[in-house]
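See below for the structure under consideration.
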Amino acid sequence: MELVIVYDERHRLHRDLGGKHPEGVWRVEESMTELHRSRAWDYVRVVRALDPDYSAVLLAHDADYVEWIRRECSKGFHYIDADTYVTEHTCDVAASFAASTREAAIKSAETGSPWLIMARPGGHHAGRRGPAMGAPTLGFCVFDYTAIAAITLADVGRRVLVLDFDAHHGNGTQEILWSDPRVLHIDIHQRWIYPGTGYIEDIGGRGAEGTKVNVPLYPDSGDENYSWVLVNVVEKAREIFKPDVAVVFAGFDAHREDRLTQLQVTEAVYSLIGHYLRKLLETGEISGLVSILGGGYGRGMVRSFRSYVEGLLNIASEPEIHQVSPGRDIEYGMSRVLDILSRTTRSLRKLD
Ligand SMILES: [Zn+2]
């Protein structure tokens, strides 16, 4: 299997001139350097990003928001809210990755080869019109690549799984896809941290009930809880919904060395998820896979990224991780949302 990686050095044009922001240029650069040291590199093909294309951005965002953020970018480097900065190049850089994400979605679904977008700035906190679901800020994000990929695929008739394992809730992605029954969005995140959304009870808008699955884990969850969630939530929901393709927001900020979170997982979890997705591709359960780089703000992200790709390409052996329930409340909530997903999926099938 070949992995196509969209890497473009123009991501460096989005940088904090003060050098203090946790979402730094180093994250992409060091992740690529680390991957170069792996045998996985033999199976990687690197391509540049496409030129900026705002028609891809408009799949997920309102024109008013896009115009506003472009005006902000034209003013040069400054903070547009307490968390998020832009430079004069940020909008075009993000619109390049948006265009490439749309291309990756189509090509991956056509060929079955997985694609990975080394996107900066981030994406999953950007809602349709800016900060999403009542969040105070854009959370380092400008355009929501995950939603763009999901909508692209749904619009050509594919059933889409979005798996967001970034440690923060993907409130932008969820807001944009809230009432879209064509997309199963599973979001595993740490509760009580930014952006403060992603409750178990949030299961999607009318007609899409159960297609939004939020798994808000407690601090100190660790590898065993993630292993449980993968088998008992992600795989069970997938079996019910039967997606054709998967879009993954691959954030590595649940790692125990992360500066912003307390989920305490190790690289093994990312290897496990990589292996899981690879097997779905190999067995034909899904026929396309687009991963988009998410968060990761400590040194652990670089090794986690490598582990994920090595799992995806079957370079390293699959880790065996004992499964431990993350709590009765989460178990109960998940069985309820999976029941609702079953009902919604059955009624959608009748309409087909
Ligand atoms: Zn995050």
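The values are calculated or read from the model by the stated rules, or taken from the named source; none is laboratory data. Every value quoted in this text rests on a predicted model; they were computed, and no experiment measured them. Note: ideal-geometry Cβ built from the backbone for every residue, glycine included; neighbour counts use all protein chains shown. When the accessible area is computed, the model is the full protein with side chains, heavy atoms only, and any ligands, DNA or RNA have been set aside. Shrake-Rupley method; radii C 1.70, N 1.55, O 1.52, S 1.80 Å.
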Positive dipole terminus of segment 189-311, leading residue within GLN262, PHE249, TRP228 (C-beta point charges): PHE249
Sequence of TRP192, TRP68 when ordered by accessible area, the most exposed leading, probe 1.4 angstrom: TRP192, TRP68
Bin by bin, in steps of 5 Å, what percent of the Cα pairs in segment 210-352 do you find, going until the bin that has the longest distance? 2, 10, 17, 21, 21, 16, 8, 3, 1, 0
Once ARG128 and LEU17 are pulled to full extension, the length gained, defined as 0.36 nm per residue separation minus their Cα-Cα distance, is 37.2 nm
Where no second cysteine Cβ lies under 4.7 Å, the cysteines concerned in the chain: CYS141
Which percent, nearest 5, of DSSP beta bridges in the chain are antiparallel? 10 percent
Out of PRO131, PRO52, ILE117, whose Cα points farthest toward the positive end of the dipole of segment 1-144 (charges: +1 Lys, Arg; -1 Asp, Glu; placed on Cβ)? ILE117
Are there any trypsin sites (Lys or Arg not before Pro) in segment 29-64 that are in a DSSP loop and have at most 10 other Cβ atoms within 10 Å? List them by number. ARG37
Rounded to the nearest 20 debye, dipole of segment 30-108 from Cβ charges on Lys, Arg, Asp, Glu: 440 debye
Give, as ranges by residue number, the residues of segment 265-300 whose backbone N falls under 12 Å from the point 7 Å along Cα→Cβ of ARG256. 265-269
Report the trypsin sites (Lys or Arg not before Pro) located in segment 210-311 that are in a DSSP loop and have at most 14 other Cβ atoms inside 10 Å of their Cβ, or state none. ARG259, ARG299
Find, among the GluC sites (Glu not before Pro) in segment 249-352, those assigned to loop by DSSP (not H, G, I, E, B) with at most 13 other beta-carbon atoms within 10 angstrom. GLU320
Identify the residues of segment 132-165 with backbone N under 17 Å of a label point that sits 7 angstrom from the Cα of LEU58 along the Cα-to-Cβ direction, or state none. 143-144, 148-149, 151-152
Count the net charge of all other residues whose Cβ sits under 10 Å from the Cβ of ASN314, scoring Lys and Arg as +1 and Asp and Glu as -1. -1
Which value, in Å² rounded to 10, gives the accessible area of VAL156 with a 1.4 Å probe and all protein chains present? 90 Å²
Lysines within cross-link reach of LYS350: Cα-Cα under 16 Å, excluding same-chain residues under 8 positions apart? LYS242
Roughly how far apart, in whole Å, are the Cα centres of segment 6-39 and segment 158-236? 27 Å
For THR111 and PHE77 in one chain, what is 0.36 nm times their gap in residues minus the Cα-Cα distance, to one decimal in nm? 8.3 nm
Can you compute 3J(HN,Hα) from phi for each residue in segment 96-105, using the Karplus curve 6.51 cos²θ - 1.76 cosθ + 1.60 with θ = phi - 60°, rounded to whole Hz and x for Gly and Pro? 5, 5, 5, 4, 5, 5, 4, 4, 4, 4
Cα-based Rg (one decimal) and Dmax (whole number) for segment 287-352, in Å? 17.9, 49
Highest mean first, what order results for 51-60, 197-206 on Cβ atoms within 10 Å? 51-60, 197-206
Choose one answer from PRO219, PRO195, PRO121: the residue with the largest mean-square fluctuation in a GNM of the chain with alpha-carbon springs under 10 Å. PRO219
Taking springs between alpha-carbon atoms closer than 10 angstrom, which of HIS255, HIS11, HIS125 fluctuates most in the Gaussian network model of the chain? HIS11
For the chain, the dipole about the Cα centre with charges only on Cβ (Lys and Arg +1, Asp and Glu -1), to the nearest 20 debye, works out at 380 debye
Taking the Cα centre of segment 3-351 as the origin and placing charges on Cβ (Lys, Arg +1; Asp, Glu -1), which of THR197, SER335, PRO22 is farthest toward the positive end of the dipole? SER335
Looking at the calculated P(r) for segment 75-135, what percent of the C-alpha pair distances fall above 16 Å? 57 percent
Cα-only Debye scattering, the chain: base-10 log of I(q)/I(0) at q = 0.09, 0.13, 0.15 Å⁻¹: -0.42, -0.93, -1.30
Expected field for SER287, accessible surface area in Å² at 1.4 Å probe radius, rounded to 10, holds 50 Å²
FRET efficiency estimate (nearest 0.05) - Cβ-Cβ, GLU239 to HIS322, R0 25 angstrom: 0.65
Within the under-9-Å Cβ sphere about VAL302, not counting VAL302, Lys/Arg +1 and Asp/Glu -1 give a net charge of +2
Taking K and R as +1 and D and E as -1, what net charge do the other residues with C-beta under 12 Å from the C-beta of LEU280 add up to? -1
